2 protein chains.
Amino acid sequence: MVLDPVSEPDADAGSAANDGARLPPIQSLARSLHGELLTRLRDYIVEGNLAPGARVPERILCERFGISRTPLREALKVLASEGLIELLPNRGARVRQLDGHELVDLFDVMGGLEALAGRLACEKITPAAFAEIERLHHEMYGCYMRRDLHGYFACNQAIHDRIVQAADNEPLRTSYANFAGRLRRVRYSANLDENRDRWGEAMREHEEILDALRRRAGNDLSDILFRHLRNKRRAAAGRETAPPPDTEDTAS
Amino acid sequence: MVLDPVSEPDADAGSAANDGARLPPIQSLARSLHGELLTRLRDYIVEGNLAPGARVPERILCERFGISRTPLREALKVLASEGLIELLPNRGARVRQLDGHELVDLFDVMGGLEALAGRLACEKITPAAFAEIERLHHEMYGCYMRRDLHGYFACNQAIHDRIVQAADNEPLRTSYANFAGRLRRVRYSANLDENRDRWGEAMREHEEILDALRRRAGNDLSDILFRHLRNKRRAAAGRETAPPPDTEDTAS
DNA sequence: CTCCAAAAAAATGAATGCAATTTTCCGCCG
DNA sequence: CGGCGGAAAATTGCATTCATTTTTTTGGAG
């Protein structure tokens, strides 16, 4: 017993119309105050306005955003499904607190997604997009040489983002953004300036990344990117929280 | 300006208590009627009770599940964030309809996640878990030899699930389940019996999978699993929808 | 003074109500 | 006969309300 589709799925809903250009990221729930609220609330949490483990006070947030509890609670359910908060039955929402295990796991997933992005990028990247990444790479190298940490980070993130963009895979992009958001809560960056040696290592890894991308060597790039993230995690997780018991560094 | 955490995050909320055994999958929103409804509604859609592109009638579903609109709408928002349905402002929810591009993209993400799972499994799998996978593999081979398609599928899925389990990464598991659910809507299986040659190919790939896992060769397994999914996609996407224009099979 | 228990207060989960937008239906005009 | 315009009906989005559970406070016993 199948409820039949509304006979007219609207003119622009047909798949044929989208063949030429992939439709822009019309996030299903981007508009309409619910989506607005969702974005704002997510940012609010990611930016650290609520301490990890803290309750998410509905009443207060309602007042802050000037809305009633209904849309707020809808947003909370979504954020819980994204893993940003957790819902305790009858006890409200809490900002998810990442223990060592979870942090490590999230880094690995990021690594896996980047590895996938690299693999796909090797198949689909355009010369123009590659040139742009190459340019960013050289710019980043310049920052590295003159010890411009801020510029380095900016280029670094831009490169990784471009690779994900080049993969041209919307579900991947969404998932990547989700996990990146979860990790953004723990400030794992800003450690490099205390880890000068890791900086050089990272720079060398980026040379490998660019090289593999130039060769369109998907599997190589995939492997390098995953290990790159592993090393980043190792550098970051050290101070944020105790490393998991079995973190022997077999990588590279 | 940081709202400070409620001074007592409760006895069992501390992370220290969870070090010994990772806490069981207490899905944040598993209980409490909202979670119940979420699961039921997701199954309801995944099982195909609503045609792709069809409106999701709030009123009717409320009656069917015997609840009011509020929890239903919360569940809809979550399902939208999972990508199962899409929310049109002021026009309700529709079952997401996968065009060719999206289907291909989803397969690739599944491939990427399985690749990651394989890589991690090589690091973390226990001898017992490996033995179990080996057993399933041989059982699957038996099914293959006697042309037991149903048994073959069961073993196949069990093996892939075990690999994901062996990766021992909760976020990965969750994400994997999410994408698997989205793909389950399109019945891409049940094609093998029309594709006997692909069946043999898949069986050979599984030999490679087991071999790489035995050698704990993470990168190899990663690559094999991704290509395995690529081939599966090629076999599946052929009939479900037109393949994307640039599907030259460079794989293998 | 500390600890425990019961009541008050607050917060959560879900239902209902209401304004606004959309969809449908019907009569009208071309 | 087909297309168009407008009103009625239905649906959506959000606010409000109510019952239940949790948390805090208060009173008292040990």
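Of note, residue B:184 does not satisfy the criterion of being within 26 Å of residue B:95 (Cα to Cα), within 14 Å of chain A (Cβ to nearest Cβ) and under 21 Å from the mean Cα position of the chain (by Cα). Looking at the structure I just gave you, is residue B:164 outside any helix (DSSP H, G or I) and not small (Gly, Ala, Ser)? Taking the combined requirement at face value, the residue does not satisfy it.
Could you list, in sequence order, the residues of the range A:65-113 that are β-branched (Val, Ile, Thr), assigned to a helix (DSSP H, G or I), within 14 Å of DNA strand C (Cβ to nearest atom) and closer than 23 Å to residue A:172 by Cα?
Narrowing the range A:65-113 to residues β-branched (Val, Ile, Thr): A:67, A:70, A:78, A:85, A:95, A:104, A:109.
With assigned to a helix (DSSP H, G or I) added as a condition, the list becomes A:70, A:78, A:104, A:109.
Checking which are within 14 Å of DNA strand C (Cβ to nearest atom) leaves us with A:70, A:78.
The one that is β-branched (Val, Ile, Thr), assigned to a helix (DSSP H, G or I), within 14 Å of DNA strand C (Cβ to nearest atom) and closer than 23 Å to residue A:172 by Cα: A:78.
Taking the conditions (1) modelled with pLDDT of 95 or more; (2) more than 10 Å from DNA strand D (Cβ to nearest atom); (3) farther than 20 Å from residue A:172 by Cα in turn, residue B:62 satisfies each one other than (2). Just a yes or no: is a residue in the range B:51-69 surrounded by fewer than 20 Cβ atoms within 10 Å (Cβ to Cβ) and under 30 Å from residue B:167 (Cβ atoms)? No; the residues of the range B:51-69 include none that is surrounded by fewer than 20 Cβ atoms within 10 Å (Cβ to Cβ) and under 30 Å from residue B:167 (Cβ atoms).
For the range B:220-232, the count of residues that are over 20 Å from residue B:108 (Cβ atoms) and at pLDDT 95 or above is zero.
The values are calculated or read from the model by the stated rules, or taken from the named source; none is laboratory data. This is a predicted model, so every value here is computed, not measured. Because the Cβ atoms are built from the backbone with ideal geometry, glycine has one as well, and the counts that use them run over all protein chains shown.
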